[in-house]
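A.B. asks: Would you mind keeping the following structure in view while I ask a few things?
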Amino acid sequence: MGVFLTMEGPDGAGKSTQIELLRDYLSRKGYDIIVCREPGGTKISEAIRQVILNKDFTEMSHMTELLLYTAARAQLMEEVIRPALKEGKVVICDRFVESSAVYQGIARGMGIELVYEINQYAIGDTLPDLTIMIDLDAKTGISRKKEQAELDRMEREALDFHEKVVKGYREIAALHPERIYKVDGHQTIEEIHKKIAAAVDKIIS
Ligand code: TYD
């Protein structure tokens, strides 16, 4: 079996940059790596992403949102993640079930039990070997996003929502310290990378 790594954090935490650095680090070590993102990563999941993040769909119910993220995840598991793990690859996924636990379970108030229960149907027993969580305050995260491009439906939520997300990540990380590695996103890119690489080394070698 391969190794399943997921990268989590609030909007603007710097996940993509860290995923690229981790990919380079692990490929220099000779690992066969696949990187995917959520919601997305397959033709169907990317189509679901267009629906979820469409800034005009402001009437979307919280349950629809939860089910759509879970549906996108089910397809990605089936088509990409499980086959890659079977082939012995290292899978790095940009967001996974912890995003649903935090955004839908905590920030939207649906409850983390419900989120994990529904996600059982999508992920079964394929859980990440390690989840890396970049911790960053909401104001910094959202102002980074604003500099980049037009904000999507989730990013347009009020600061109060993003503060709940940040707090939610801290709660989830504290609940599962054995499988979630929390790293302070206010450090330099290089410092964060070194810490992530060391945490991954521990479970991979
Ligand atoms: P994306 O542009 O991928 O954000 P980022 O670059 O910050 O990862 O958009 C994904 C958005 O969807 C992001 O705001 C987090 C949210 N999200 C959930 O609310 N629940 C989920 O299960 C997932 C995977 C993402």
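A.B. asks: Summing +1 for each Lys or Arg and -1 for each Asp or Glu, what net charge is found among the other residues whose Cβ lies under 15 Å from the Cβ of LEU159?
C.D. replies: Cβ neighbours under 15 Å give a net charge of +1.
A.B. asks: Scattering from the C-alpha atoms of the stretch 52-124 alone, worked out with Debye: what is log10 I(q)/I(0) at q = 0.13, 0.15, 0.22 1/Å?
C.D. replies: Normalising to I(0) and taking log10 leaves -0.41, -0.53, -0.98.
A.B. asks: Quick one: net charge around ALA122, please, counting Lys, Arg +1 and Asp, Glu -1 for every other residue with C-beta under 13 Å from its C-beta. Present the calculation step by step, with values, prior to reporting the outcome.
C.D. replies: On the way: positive: ARG73, ARG82; negative: GLU38, GLU78, GLU79, GLU117, ASP125.
Result for the local shell: -3.
A.B. asks: To continue, here is another question. So, counting K/R as plus one and D/E as minus one, what does the shell of residues with Cβ under 13 Å around ARG23 add up to? Display every interim value, and only then the final one.
C.D. replies: Details: positive: LYS15, ARG28, LYS29, ARG37, LYS89; negative: GLU20, ASP24, ASP32, ASP94.
Local net charge: +1.
A.B. asks: Given the options LEU66, LEU130, LEU159, state which has the largest fluctuation in a GNM of the chain using a 10 Å cut-off (strictly under) for Cα springs.
C.D. replies: Maximum fluctuation in the GNM of the chain, among the listed residues, is at LEU159.
A.B. asks: Under 18 Å from the 7 Å Cα→Cβ point of ARG144, by amide nitrogen: which residues of the stretch 167-204?
C.D. replies: Answer for the stretch 167-204: 167-170, 181-197.
A.B. asks: So, one more: Let me know the charge dipole size of the stretch 31-101 about its Cα centre in debye, to the nearest 20, where only the beta-carbon of Lys, Arg (+1) and Asp, Glu (-1) is charged.
C.D. replies: Details: 9 positive and 11 negative charges, 28 e Å.
Charge dipole of the stretch 31-101: 140 debye, to the nearest 20.
A.B. asks: Same structure again: Run the 1.4 Å probe and let me know the accessible area of LYS194, rounded to the nearest 10 Å².
C.D. replies: Surface open to solvent at LYS194 totals about 130 Å².
A.B. asks: In square nanometres and to one decimal, what's the mean projected area of the convex hull around the Cα atoms of the chain? Each step should come with its number before you reach the end.
C.D. replies: On the way: hull surface 42.5 nm².
About 10.6 nm², averaged over all directions.
A.B. asks: Restrict the search to the stretch 110-157; then list the GluC sites (Glu not before Pro) that DSSP places in a loop and that have at most 11 other Cβ atoms within 10 Å of their Cβ.
C.D. replies: Passing both the DSSP loop test and the Cβ count: GLU150.
A.B. asks: With only Lys, Arg, Asp and Glu charged, each at its Cβ (+1 for the first two, -1 for the last two), find how big the charge dipole of the chain is about the Cα centre; round to the nearest 20 debye.
C.D. replies: Values: 28 positive and 34 negative charges, 68 e Å.
Dipole size: approximately 320 debye.
A.B. asks: Another question, if that's okay. Note down the accessible area of HIS176, probe 1.4 Å, to the nearest 10 Å².
C.D. replies: 50 Å²
A.B. asks: In what order, largest first, do LYS43, LYS167 sit by accessible area if the probe radius is 1.4 Å?
C.D. replies: Details: LYS43 180, LYS167 135 Å².
Most to least solvent-accessible, the answer reads LYS43, LYS167.
A.B. asks: Between LEU127 and ASP201, what FRET efficiency follows from the Cβ-Cβ distance if R0 is 25 Å, with the result rounded to 0.05? Could you put the intermediate results ahead of the total?
C.D. replies: Numbers: r = 20 Å, r/R0 = 0.80.
Step by step, r from the Cβ atoms, then E = 0.80.
A.B. asks: If R₀ is 25 angstrom, what is the calculated FRET efficiency for the pair ALA174 and ASP137, using the beta carbon separation as r and rounding to 0.05? Working shown, then result.
C.D. replies: On the way: r = 17 Å, r/R0 = 0.68.
With R0 = 25 Å, the Cβ-Cβ based efficiency is 0.90.
A.B. asks: Would you kindly calculate the mean projected area, averaged across all directions, of the convex hull enclosing the Cα atoms of the stretch 111-160, in square nanometres? Could you put the intermediate results ahead of the total?
C.D. replies: Numbers: hull surface 21.5 nm².
Spelled out: convex hull of the Cα atoms, projected over all directions, averaged, 5.4 nm².
A.B. asks: With equal scatterers on the alpha carbons only and no solvent term, can you work out the Debye log10 of I(q)/I(0) for the stretch 1-80 at 0.12 1/Å?
C.D. replies: Debye intensities relative to I(0), on a log10 scale: -0.44.
A.B. asks: Please check: in the Gaussian network model of the chain (C-alpha springs, under 10 Å), which one of PRO83, PRO128, PRO39 has the largest mean-square fluctuation.
C.D. replies: Top of the fluctuation ranking is PRO83.
A.B. asks: Which residues' amide hydrogens lie under 5 Å from the amide hydrogen of ILE132, considering only partners 5 or more residues apart or on another chain, with H built in the peptide plane?
C.D. replies: Those qualifying (amide H under 5 Å, at least 5 residues apart or on another chain) are THR6, MET7, GLU8, TYR181.
A.B. asks: Here is a follow-up. What number do you get for the stretch 134-173 when its Cα radius of gyration is normalised by 2.2 N^0.38 Å, N = residues? Write down the numbers at each step before the final one.
C.D. replies: Numbers: Rg = 10.3 Å, N = 40, 2.2 N^0.38 = 8.9 Å.
That ratio works out to 1.15.
A.B. asks: If you take the charge dipole of the stretch 157-205 about its Cα centre, with +1 on Lys and Arg Cβ and -1 on Asp and Glu Cβ, which of ILE204, PRO177, LEU159 is farthest toward its positive end?
C.D. replies: So the residue we want is ILE204.
A.B. asks: Can I ask one more? When the chain is modelled as a GNM with alpha-carbon springs shorter than 10 Å, which of ASP32, ASP129, ASP160 fluctuates the most?
C.D. replies: Among ASP32, ASP129, ASP160, the largest GNM mean-square fluctuation belongs to ASP160.
The values are calculated or read from the model by the stated rules, or taken from the named source; none is laboratory data. Since this is a predicted model, take the numbers as computed values, not measurements. Using ideal geometry, Cβ is built from the backbone for each residue, glycine included, and neighbour counts are taken over all protein chains shown. Heavy atoms of the whole protein, side chains included, go into the accessibility calculation; ligands, DNA and RNA do not. Shrake-Rupley method; radii C 1.70, N 1.55, O 1.52, S 1.80 Å.
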